[in-house]
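Asks: This is the structure, below, for whatever I ask next.
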Amino acid sequence: MSDLLLNWLINIPGFAAPFAIAALGLIITERAGVLNLAAEGFMLAGALAGVGLMIHGAPPLVALGGSVLAGMAMGLIFAIMAASFRINHVIAGLALVFFAEALTSYIASAERWTNKAISGLEPVFLGQDVIVYATPVLCALTVWMLNRTRFGLTIRAVGENPGAADAAGIDVTAIRFAAILIGAALIGLAGGYLTVAVSRIWVDSVVGGRGWIAIALVIFARWHPWRALLGAILFGCIEALIPRIAAAGFDVPRYFLQMTPYLATLAVMIWAAARGRDRWSQPAALGQHHIREERG
Amino acid sequence: MTNALSLCSVSKSFGGFKALDSVDFSVAPGEVHALLGENGAGKSTLMNIACGLYAPDEGHVELEGRAVTIAGARDAAAKGIGMVHQHFKLVPAFTVLENILLFNPGRAPAEIAREALALADRMGFEIDLDARVGTLGVSEQQRLEILKVLVAGARIIILDEPTAVLGEDDGRALMALVRGLADSGSAVILVTHKLHEALYHSDRITVMRQGRRIAETLPAEMDPGRLTTLIVGEHIVEEPEPSPHVGGARIRLNQVRLAGDGGRKGLVDVSFEVKDGEIYGIAGVSGNGQNELAEVLMGLGLPTGGSIEIAGHGDVTGAGPAHRRQNGLACIPVDRYRHGLAGSIGVADNFAVNGALAGRYGSWLWFNRRKARAEARAAIETFDVQGVRSLGQKAALLSGGNAQKLVIAREFQGAPQVVLAHSPSRGLDVRAGAAVHERLRAARDRGAAVILISEDLDEILLLSDRIGVLAGGRLVAEFKAPANRSEIGAAMVTHD
């Protein structure tokens, strides 16, 4: 029993880290007022890039760097659609997810990367790898960036009231573009971590809905980085439990456990709504385009 | 003395439309220069050129006698031009200090905080730098807007209809503040609709009409009648007209209560009745229960106590909006673009929606489009809605006055017995406002009971046969026309 417990505990950080990193990326993007539903797609791109580079002999950290770039490449497409061309964020995001699903499957099969085991990222301390230790640091950096820097102030202003930001001489499109790219870099890293450190293999749709859970997690955390880290640990506990419960022979349907992150998110949304609107800290201009009033 | 800012023969066209035609405008340090004109006269376009949002097609901008090009909002701020927009450009979720920081990049927060407090002190008001802007009142937010541009070092301050959102007292306080700005050496441009602000609080008046400068004059040489004539190009003077015939009570409110929550005041035991053929004005400073009263009357919010009766229909306290309409109630809501019209659908459809719901244009299965369009066309003619290029044109493209006329055309279809008008002329120019007033009087004269909720005391005094005053959610006083302006003003600031 204690073996099971220890085994569970050791595995939690590995499950929690990608949730947390993806959620941080989403928070940066969404605090700038861009609703990002494309996280699953960004993570798939990052995951495939990581596997591909590993298969071609790159060291794990270099492979993760490739994941970051792959995430940003997807982010660039999203930024051009959502920030520059002001396409509806929901439509642009959903389109990118399906595009990424198909594109990654195609590349994986064309390059014969599917089902090839890779070596992966090794633990450095207490059975955990370097990305796990970097996660709280990234979280602290995000909090500092959003709350203590001028760049963070402009990101939040653009997300809360783009009209006011525009009047203050801030380039709303440029700030949103930057926020999408920074967010996409983190989300790509989270995707890369899934294959390079956790599964160590590519199968189609390897991300398995974790991008969607990260979106739920952001709502759960009400767009706050530290709360997102806590939520990620909570969701990580649940995910790490699923295979171990089955292994220990308990008869709990795994589907029930799989829906707990979403149930928790629904509960938080209902709780926040019941407490009144001002407690609901969603960025006021989330998903809204800013077009300066012009005549003629 | 050299002018702080001069706009020299500027012209600007949008598409084929000439918004500005060779306009000269200048303002000197220490001066308040009022800019008057109807909606669409070109005031906003002129000011947008002054603050760098538009580049002029012809002509140029001079700062202290030197020709300059102003490239955008940030450049304007750097050159000492500060614009206080009519719709505040503040981030409600931010603190006061964060809002000032946002507008003043590249300087240390501590230094900005010090300067903001010193400036506020010099202007004679207090401000809490850590307060969330969303929790501040309208007049505090406006002071913050002014403070924001002052911290940025503005010496030329443009105020776009600054008192449109303020009550009487706050408006007076703001005018004193504006004078203080000029006395401390700033050049102030006051864009306004209100004649008395130009007449009593400015040093110079420029009047614009249809993209041209019609006159530049001194307040001492003007009176309200002459100024109105300059603004609209014809003589419009509205005089109070008593009701020709007052009948029996039509709508009666009995001890109506509405629970307040958070920022909302609620209503406390509001009782009044309005008779047929009477305009009942509800005066009060903004935020004293006007919105709540309107919601209760429309049936959008159910009162938590008391009752509402409409003669001939009995008790309607629990009736929703659809039911109230069947009982002969028509509403001209406060925000015509948000609650009065659906901006992205056509003019004819906006007109037909009430009639369609009442079964006038067929059943739920079938919509008699031809009849709806024919009636819409006739109503547009009757109610003089201008700027309608086609019946399918989006309602959002109508100007404020014409949008309001469309709302009135729809609401007055079927001769309603009770009319609720909430700030019906807010944001409208003199001519459009007078047209709206004429429609309300016409409804009254044919025997409807009209409830006029307005924060504009002039409008209340002009139209009402009787006046109730709302303060803190209570009806604190009632007056019969002709009423004494200062007594009403005193009742408006009653505190319990």
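Asks: Ranked from highest to lowest mean number of other Cβ atoms within 10 Å per residue, what is the order of the peptides B:237-244, B:463-470, B:382-389, A:234-241?
Replies: Those peptides, ordered most packed to least, come out B:463-470, A:234-241, B:382-389, B:237-244.
Asks: For chain B, what is the mean residue ellipticity at 222 nm derived from helices alone (per DSSP H run of n ≥ 4: -39500 (n - 2.57); sum divided by total residues; nearest 500 deg cm²/dmol)?
Replies: Here the helix-only value at 222 nm equals -10000 deg cm²/dmol.
Asks: Quote the charge dipole size of the protein assembly as shown about the Cα centre in Debye, to the nearest 20; the model charges only the Cβ of Lys and Arg (+1) and of Asp and Glu (-1).
Replies: Computed about the Cα centre, the dipole is about 1840 debye.
Asks: First check a/c for chain B, with a ≥ b ≥ c the square roots of the eigenvalues of its C-alpha gyration tensor; if it is under 1.5, answer rounded, and if not, answer prolate when a/b is larger than b/c or oblate otherwise.
Replies: Since a/c reaches 1.5 and a/b is larger than b/c, the shape of chain B is classed as prolate.
Asks: Partner chain Cβ atoms within 10 Å, averaged over the residues of A:150-161 - can you pull that number for me?
Replies: Mean partner shielding for this stretch: 4.
Asks: Which value, in debye to the nearest 20, describes the size of the charge dipole of the stretch B:5-232 about its Cα centre when Lys and Arg Cβ atoms bear +1, Asp and Glu Cβ atoms bear -1, and nothing else is charged?
Replies: That gives a dipole near 460 debye.
Asks: Further question on the same structure: Would you mind computing Rg(Cα) / (2.2 N^0.38 Å) for the stretch B:249-493, counting N as its residues?
Replies: 1.00
Asks: Only counting other Cβ atoms within 10 Å, I'd like B:Thr69, A:Thr135, B:Thr217 sorted with the fewest neighbours first.
Replies: Least to most surrounded, the residues fall as B:Thr69, B:Thr217, A:Thr135.
Asks: Can you put A:Val130, B:Val27 in order of Cβ neighbours within 10 angstrom, beginning with the fewest?
Replies: The most exposed by this proxy come first: A:Val130, B:Val27.
Asks: Under 27 Å between alpha carbons, and skipping anything fewer than 8 positions from B:Lys18 in its own chain: which lysines qualify?
Replies: Reachable lysines: B:Lys43, B:Lys194, B:Lys394, B:Lys405.
Asks: How large is the charge dipole for chain B, taken about the Cα centre, if only the Cβ atoms of Lys, Arg (+1) and Asp, Glu (-1) carry charge, to the nearest 20 debye?
Replies: Computed charge dipole of chain B: roughly 1740 debye.
Asks: So for the pair B:Thr2, B:Arg66, with labels modelled 7 Å out along Cα→Cβ, what separation do we get in nm?
Replies: 0.8
Asks: Straight-line reach from B:Lys275: which lysines fall under 21 Å, measuring Cα to Cα and dropping same-chain residues less than 8 apart?
Replies: Within reach: B:Lys480.
Asks: Fewest to most neighbouring Cβ within 10 Å: what's the order for A:Trp144, A:Trp113, A:Trp8?
Replies: Ordered by Cβ neighbours within 10 Å, fewest first: A:Trp144, A:Trp8, A:Trp113.
Asks: Can I ask one more? What's the average, rounded to a whole number, of partner chain beta-carbon atoms within 10 Å of each residue's beta-carbon in B:101-111?
Replies: 3
Asks: Across the residues of B:128-137, average count of Cβ atoms on other protein chains within 10 Å?
Replies: The mean count of partner-chain Cβ atoms within 10 Å per residue comes to 1.
Asks: Relative contact order for chain B using alpha-carbon pairs under 8 Å, separation at least 6, rounded to a whole percent?
Replies: With pairs under 8 Å counted, the relative contact order is 15 percent.
Asks: Among all helices in chain A defined by DSSP H, which have a length of 27 Å or more along the axis from Cα atoms plus a Kyte-Doolittle mean of at least 0.0?
Replies: A:2-31, A:60-79, A:89-110, A:172-193, A:225-247
Asks: Which values, in whole Å and largest first, are the semi-axes of the equivalent ellipsoid of the stretch B:108-264 obtained as the square root of 5 times each eigenvalue of the Cα gyration tensor?
Replies: Values for the stretch B:108-264, descending: 35, 29, 12 Å.
Asks: Right, here's the next one. DSSP beta bridges in the stretch B:5-232, what fraction antiparallel, as a percent rounded to 5?
Replies: Of the beta bridges lying entirely in the stretch B:5-232, close to 50 percent run antiparallel.
Asks: Now for a different question. Over the stretch B:249-493, calculate the relative contact order: mean separation of alpha carbon pairs under 8 Å at least 6 apart, over the residue count, as a percent.
Replies: 29
Asks: Quick check on the stretch B:206-363: take the gyration tensor over C-alpha atoms, sort the square-rooted eigenvalues as a ≥ b ≥ c, and tell me if it's rounded (a/c under 1.5), prolate or oblate.
Replies: In terms of gyration-tensor shape, prolate.
Asks: Find the Cα radius of gyration of chain A, compare it with 2.2 N^0.38 Å by division, and give the number to two decimals.
Replies: Taking N as the residue count of chain A, the ratio is 1.01.
Asks: Also, quick follow-up: In chain B, what % of DSSP beta bridges are antiparallel (nearest 5)?
Replies: 55
Asks: Suppose R0 equals 60 Å. What FRET efficiency, 1/(1 + (r/R0)^6) with r the Cβ-Cβ distance, do B:Asp445 and B:Asp21 give to the nearest 0.05?
Replies: Efficiency computed from Cβ-Cβ geometry: 0.90.
Asks: Got a sec? Charge dipole of the protein assembly as shown, +1 on Cβ for Lys and Arg, -1 for Asp and Glu; which of B:Thr135, A:Val172, B:Met83 is way out at the positive end?
Replies: Result: A:Val172.
Asks: Cut-off 18 Å, label point 7 angstrom out along Cα-to-Cβ of A:Ala174: give me the residues of the stretch B:81-105 whose amide nitrogen falls inside.
Replies: B:102-105
Asks: Oh, and also: Hey, what did chain A get for relative contact order, percent, Cα under 8 Å, at least 6 apart?
Replies: Normalised by residue count, the contact order of chain A is 37 percent.
Asks: Also, I was wondering about something else. Quick check on packing: order A:209-216, A:88-95, A:67-74 by the mean number of other C-beta atoms within 10 Å, highest mean leading.
Replies: Result, highest mean first: A:67-74, A:209-216, A:88-95.
Asks: Strictly greater than 23 Å: what percent of every Cα pair in the stretch B:5-232 meets that?
Replies: Counting pairs separated by more than 23 Å, the tail of P(r) holds 47 percent.
Asks: On a straight-distance basis, which lysines could pair with B:Lys89 in a cross-link, Cα separation under 18 angstrom, same-chain partners fewer than 8 positions away excluded?
Replies: B:Lys148
Asks: Looking at the P(r) of the protein assembly as shown, how many percent of alpha-carbon pairs lie beyond 43 Å?
Replies: Value for the protein assembly as shown (Cα pairs over 43 Å): 43 percent.
Asks: Looking at the stretch B:249-493 only, what percent of DSSP beta bridges run antiparallel? Nearest 5 please.
Replies: Approximately 55 percent, going by the DSSP bridge assignments.
Asks: Between beta-carbons, use under 12 Å as the cut-off and find the net charge around A:Ile27, counting Lys and Arg +1, Asp and Glu -1.
Replies: Overall, the nearby charge balance is +3.
Each reported figure results from applying straightforward, stated rules to the coordinates on display, with no laboratory input. Source: prediction; values computed, not measured. In this analysis, Cβ positions are derived from the backbone assuming ideal geometry, glycine residues included, and neighbour counts consider all displayed protein chains.
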